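K.L.:
Here it is, the structure, as structure tokens.
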Amino acid sequence: MSSIQPGFKVLLLAGGVGGAKLAEGLAACCLADQLSILGNVADDQRFHGLWVSPDIDTLTYSLAGLINREQGWGLKGDTNACLQALQRLGQETWMWLGDQDFATHLVRTRLREEGWRPTEIAQHLAQQLGVGPRILLPTDDCIQTQVRTAQGWLGFQEYFVRERCQPEVLELAIRGLEQARPTPEALAAIAEAELIIFAPSNPLLSIDPILAVPGIRAAISASPALKIAVSPLISGKAVKGPAANLLQSLGLRADAMGVAEYYRDLVQVMVLDQADAALVPEVAGLGIIPWCLDTLMQDSASKERLAASLLLRADACLNPVNLAQAI
Ligand code: GDP
């Protein structure tokens with residue numbers, strides 16, 4: 001597919017798996033300096049003494065072409081000798097960390113100990129792996145999503161990986177927000193963006209922890225950019241992960257309309273999958289413009305197709321003279 005160069009600055013807010021798919025599509029359609037991606041750090045946790053940043057690593061590995069495509073996370077061809085050795089030593093090994101993946105966590109941890117900011121580390125790792133677009137963090141401070149279940153409060157990875165999202169979620173909280181400050185890079189990217197896209201990521205687990213960093217939601221609200229959200233739910237189901245159950249457990253509608261309600265104060269446009277065309281009148285009733293597109297990204301062609309449609313339609317909104325080209 002030929003690259004589209006509408007010339008405007010694009011900021012994508014993205015979690016891990018769903019976010020990285022759209023990031024790849026946009027990266028194929030945009031010039032590298034046109035696209036910035038603001039990722040989620042509230043899933044970060046220390047394992048075996050090392051800082052692991054799952055969503056940022058998923059974005060980095062995806063954009064570097066190194067991701068394990070079957071899983072959607074981790075490095076392709078990675079092995080688990082180190083985990084097996086840790087298990088022999090009586091360590092908990094439910095968090096799957098591959099042998100090559102450990103190198104990322106070793107470097108991240110050493111650079112943190114040397115005083116680098118997490119933003120600088122994320123950019124350094126991305127640069128080393130040949131990633132073009134900028135990967136930004138909402139904060140350099142430590143914030144962590146916690147999940148309340150019938151067993152009490154669990155760390156995010158305990159809920160997500162160890163318990164495989166099985167326990168019903170009664171409440172979500174993000175620890176550390178009081179002290180968290182937004183990064184200057186995130187604020188600058190928001191200020192210069194003409195198009196802000198909320199990826200089809202889990203709104204509560206991936207996007208909310210970005211917006212919750214003091215200053216980020218306000219900066220996005222104040223931005224005159226065109227703001228578009230893409231639903232991670234198709235026909236009331238998540239493509240992967242617990243988004244539908246989570247929305248339902250927390251009293252929200254478990255379909256694209258529930259996602260539109262979540263984003264209603266932030267976006268002008270909600271992208272629904274074409275399978276959800278019946279929801280168009282309801283979404284329009286919220287005062288949001290619904291766009292129905294094929295949002296299922298199963299390969300690089302479908303990722304690029306969705307990204308290209310978003311950019312063309314956004315270009316038509318930002319430059320009405322191009323409208324005819326977009327339709
Ligand atoms: P996580 O941090 O790894 O859970 O990743 P995200 O929050 O970025 O993505 C999880 C969400 O991505 C899930 O709710 C999925 O339904 C959604 N998702 C994954 N693949 C696709 C896709 O191809 N299309 C759409 N519309 N959503 C997707």
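K.L.:
Taking Rh as the Kirkwood radius, which is the inverse of the mean 1/r over Cα pairs, what is the Rg/Rh value for the range 85-216? Present the calculation step by step, with values, prior to reporting the outcome.
P.N.:
Values: Rg = 16.9 Å, Rh = 17.1 Å.
A ratio of 0.99.
K.L.:
Taking H placed 1.01 Å from N in the peptide plane, check which residues at least 5 places from ILE234 or on another chain put their amide H under 5 Å from its amide H.
P.N.:
Residues meeting the amide H criterion: VAL239.
K.L.:
Over the chain, what per residue volume does the convex hull of the Cα atoms give, in whole Å³?
P.N.:
129 Å³
K.L.:
Here's a follow-up. In sequence order, what are the phi-derived ³J(HN,Hα) couplings for the range 50-59 according to the Karplus relation 6.51 cos²θ - 1.76 cosθ + 1.60 with θ = phi - 60°, rounded to whole Hz, with x for glycine and proline?
P.N.:
10, 7, 10, 10, x, 5, 5, 5, 4, 4
K.L.:
Would you please state the base-10 log of I(q)/I(0) at q = 0.26 1/Å for the range 148-226, with intensities from the Debye formula using one equal scatterer on every alpha carbon?
P.N.:
The Debye formula, applied to the Cα set alone, gives -1.25.
K.L.:
Which residues' amide hydrogens lie under 5 Å from the amide hydrogen of LYS227, considering only partners 5 or more residues apart or on another chain, with H built in the peptide plane?
P.N.:
ILE196, GLN268, VAL269
K.L.:
How would the range 71-152 be classified by its alpha-carbon gyration tensor: rounded, prolate or oblate, with rounded meaning a/c under 1.5 and the a/b versus b/c comparison settling the rest?
P.N.:
Here the range 71-152 falls in the oblate category.
K.L.:
Where in the range 69-91 does the amide nitrogen come within less than 11 Å of the point 7 Å from the Cα of LEU106, taken along Cα to Cβ?
P.N.:
none
K.L.:
Still on this structure: How large is ³J(HN,Hα), in whole Hz, for each residue of the range 177-187 in order, when computed from phi with the Karplus curve 6.51 cos²θ - 1.76 cosθ + 1.60 and θ = phi - 60°, using x for Gly and Pro?
P.N.:
Calculated HN-Hα couplings, in order: 5, 4, 8, 6, 10, x, 7, x, 5, 5, 5 Hz.
K.L.:
Grab the DSSP H runs of the chain that are 4 residues or longer, score each as -39,500 (n - 2.57), total them, divide by all residues and round the 222 nm result to the nearest 500 deg cm²/dmol.
P.N.:
Result for the chain, helices only: -10500 deg cm²/dmol.
K.L.:
Continuing with the same structure: Sort GLU185, GLU158 by Cβ crowding within 10 Å, fewest neighbours at the top.
P.N.:
Taking fewest neighbouring Cβ atoms as first place, the list is GLU158, GLU185.
K.L.:
Still on this model: Using the Karplus equation 6.51 cos²θ - 1.76 cosθ + 1.60 (θ = phi - 60°), what ³J(HN,Hα) coupling, rounded to whole Hz, does each residue of the range 268-285 give in order, writing x for Gly and Pro?
P.N.:
Whole-Hz 3J(HN,Hα) from phi for the range 268-285: 9, 10, 10, 8, 9, 5, 4, 5, 9, 4, 5, 8, 3, x, 5, 5, 4, x.
K.L.:
What does the convex hull of the Cα atoms come to per residue for the range 191-247, in Å³?
P.N.:
In the range 191-247, the Cα convex hull volume per residue is 81 Å³.
K.L.:
Can you tell me the 0 to 90 degree angle between the C-alpha axis of helix 118-128 and the longest principal axis of the chain, rounded to 10?
P.N.:
So the helix axis and the longest Cα principal axis differ by about 80 degrees.
K.L.:
Mind listing the long-range amide H neighbours of LEU12? Cut-off is under 5 Å, sequence gap 5 or more, other chains count too, H placed in the peptide plane at 1.01 Å from N.
P.N.:
Here the answer is SER36, ILE37, LEU38, ILE197, since their amide H atoms fall under 5 Å of that of LEU12.
K.L.:
What's the extension gain from ARG162 to TRP94 if we count 0.36 nm per residue and subtract their Cα-Cα distance?
P.N.:
Separation in residues times 0.36 nm, less the Cα-Cα distance, equals 23.9 nm.
K.L.:
For the range 1-97, take the alpha-carbon Rg, divide it by the Kirkwood Rh, and send me Rg/Rh. Walk me through the intermediate numbers first.
P.N.:
Working: Rg = 16.2 Å, Rh = 15.0 Å.
Rg/Rh for the range 1-97 comes to 1.08.
K.L.:
Provide the gained length on full extension for the span LEU293 to GLN71, in nm with one decimal, where the gain is 0.36 nm per separating residue minus the Cα-Cα distance. Don't skip to the answer; put the middle values down first.
P.N.:
Values: separation 222, 0.36 × 222 = 79.92 nm, distance 2.48 nm.
Residue separation times 0.36 nm, minus the Cα-Cα distance, leaves 77.4 nm.
K.L.:
In square nanometres and to one decimal, what's the mean projected area of the convex hull around the Cα atoms of the range 188-327?
P.N.:
Approximately 8.7 nm², given one-decimal rounding.
Just so you know, all these numbers are worked out from the coordinates, no wet-lab data involved. Predicted, not measured: the structure shown is a model, and the values here were computed from it. In this analysis, Cβ positions are derived from the backbone assuming ideal geometry, glycine residues included, and neighbour counts consider all displayed protein chains.
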